[in-house]
Every structure is written in C-alpha cells, then in structure tokens.
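Everything on this sheet refers to the single structure shown next.
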Amino acid sequence: MPSADVSVRTAWPADAAAIAHVQVRAWRTSYAGLLPADVLAGLDTDAIAAKWQRSIDKPGDARNRVLVALERASVRGFAVTAGSQDPDADPARDGEVLELVVDPDQRRGGHGSRLVQACADTLRADRFTHARSWVPSSDDVLRSFLGSAGWDADGAYRELDLHGDGTVLVKQVRLHTDLRAVGGEGAA
C-alpha cells in the first residue's frame, strides 16, 4: 500500500546521485535481455550522476525538465520531458517523455502513475498539446502501462544502434497521447 507521503517534483541537482542509482538498477533489470551483459555491468553510477547533475543544473532548453517521484525524501523514480526532436514533430505542439523510470523494487506503488500524470501536466504547462514517447518494442509491460493511461502507438518505429557498429540494436515504437483531454489521459 502506498505511503501517504508520496509526491512528484522537479528534480534538484542534489538528486543526481539518487536518479543515477535508480537508472542503473532499472536498466540492469529492464534491459537484461535486450542489452549485452557487459554494457549493463559497465554502467558507472558516478559518471551517470555527474551527467544528471549537469543536465538538471543547466538544461539545454527551458522546456527540458527532470521530475522525480518521491516517497518521503527518497527518489523512487524519475521522468524527463522536453520538446520532441522527431523529424516529423511540430515544435509548438509536440512534447516528449524522454525517460520514465521507476526503481524495480518500488514498482506497483503508484510512482509510475504519478510520474505519467506529472509529465502530462508539465508538458501542458509548457504549452504542448500532444506528447510522444519512444519505448522498446519488446517492453510489453511499459506499453500496456502507458496504454492504460491513454497512450497508443502511432505507427512510427525506429532502431537505435547503440555502438554505431550494428552490434547492439534496440527497436523502439512511438506512443502518443493528446494532452488537451481532461486529466491528460487522452485519445491517442
């Protein structure tokens, strides 16, 4: 049962280490069958924390936001919103959820739902009317979760070449939602 002291807020630079810790734990769990074991084992929490601190401290764009899901004072998950950089995006209309991550040991506690709602609210506050998110095509759990929140596939897909040499390819599908709908859970 979720605690009464749960929330989502904009991340502070001091949250960087906790965000990195959650990211590494989640990636090692979520991408175990998708990415090579040496890539996952080589994730450097300190280096990732330094990148998060820079990103939070000096975002590249005023609409780049990092949100953290908290239980009491502990970071349980995070999300990143920004304008969509897709070639077919309308910069005035299309925002994007770049990351949506919950600590594997904290899933099913409502943190993901709070983050999705906070992302919708944040993107709307930044005057976007539609939101997009790229998810691994093999992640049926995340696709189903976002589907239950009003997101749907829009037919776009891509393949990321993580090393640039074709050895590690990640297939993704794009989901989208209409932020103008009541509560941010709109018709896709």
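Things to note:
- Of all residues in the stretch 1-44 being within 18 Å of the chain's Cα centre (by Cα) and among the polar types (S, T, N, Q), the one that is modelled with the lowest pLDDT: SER30
- Condition met for GLY95 (of a type in the set (Gly, Ala, Ser), more than 12 Å from the chain's Cα centre (by Cα) and in a loop (DSSP other than H, G, I, E, B)): no
- Restricted to the stretch 172-188, and to residues there that are assigned to a loop (DSSP other than H, G, I, E, B) and either of a type in the set (Ser, Thr, Tyr) or under 19 Å from ASP88 (Cα atoms) (or both), the residue that is modelled with the lowest pLDDT is ALA188.
- Verdict on VAL66 being surrounded by 12 or more Cβ atoms within 10 Å (Cβ to Cβ), under 18 Å from the mean Cα position of the chain (by Cα) and not acidic (Asp, Glu): yes
- Scanning the stretch 144-171 for residues that are among the β-branched types (Val, Ile, Thr) and assigned to a loop (DSSP other than H, G, I, E, B) yields THR167, VAL168.
- Residues of the stretch 20-49 that turn out to be within 24 Å of HIS163 (Cβ to Cβ) and surrounded by 12 or more Cβ atoms within 10 Å (Cβ to Cβ), as a count: 19
- Leading residue by the ranking (nearest to LEU179 (Cα to Cα)) among those in the stretch 63-92 that are in contact (Cβ under 8 Å) with a residue 60 or more places away in the chain and part of a loop (DSSP other than H, G, I, E, B): ARG63
- Any hit, the stretch 116-131, residues being crowded, with 16+ Cβ neighbours inside 10 Å, closer than 19 Å to ASP15 by Cβ and either among the basic types (Lys, Arg) or without any contact (Cβ under 8 Å) to a residue 24 or more places away in the chain (or both): no
- Restricted to the stretch 106-148, and to residues there that are at pLDDT 95 or above and of a type in the set (Asp, Glu), the residue that is farthest from TYR31 (Cα to Cα) is ASP126.
- On inspection, ASP61 passes the criterion of being loosely packed, with under 13 Cβ neighbours inside 10 Å and closer than 17 Å to CYS119 by Cβ.
- Among the conditions (1) among the aliphatic types (A, V, I, L, M); (2) in contact with a Pro (Cβ under 8 Å, 6 or more places away or on another chain); (3) assigned to a helix (DSSP H, G or I), VAL39 misses just one, which is (2).
- Selection status of THR167, at pLDDT 95 or above and touching a strand residue (DSSP E or B) at 6+ places or on another chain (Cβ under 9 Å): no
- Condition check for GLU96: surrounded by fewer than 21 Cβ atoms within 10 Å (Cβ to Cβ), acidic (Asp, Glu) and at pLDDT 90 or above: no
The values are calculated or read from the model by the stated rules, or taken from the named source; none is laboratory data. Quick caveat: nothing in here was measured; it's all calculated off a predicted structure. Here Cβ is always computed from backbone atoms with ideal geometry, including for glycine, and neighbour counts include all displayed protein chains.
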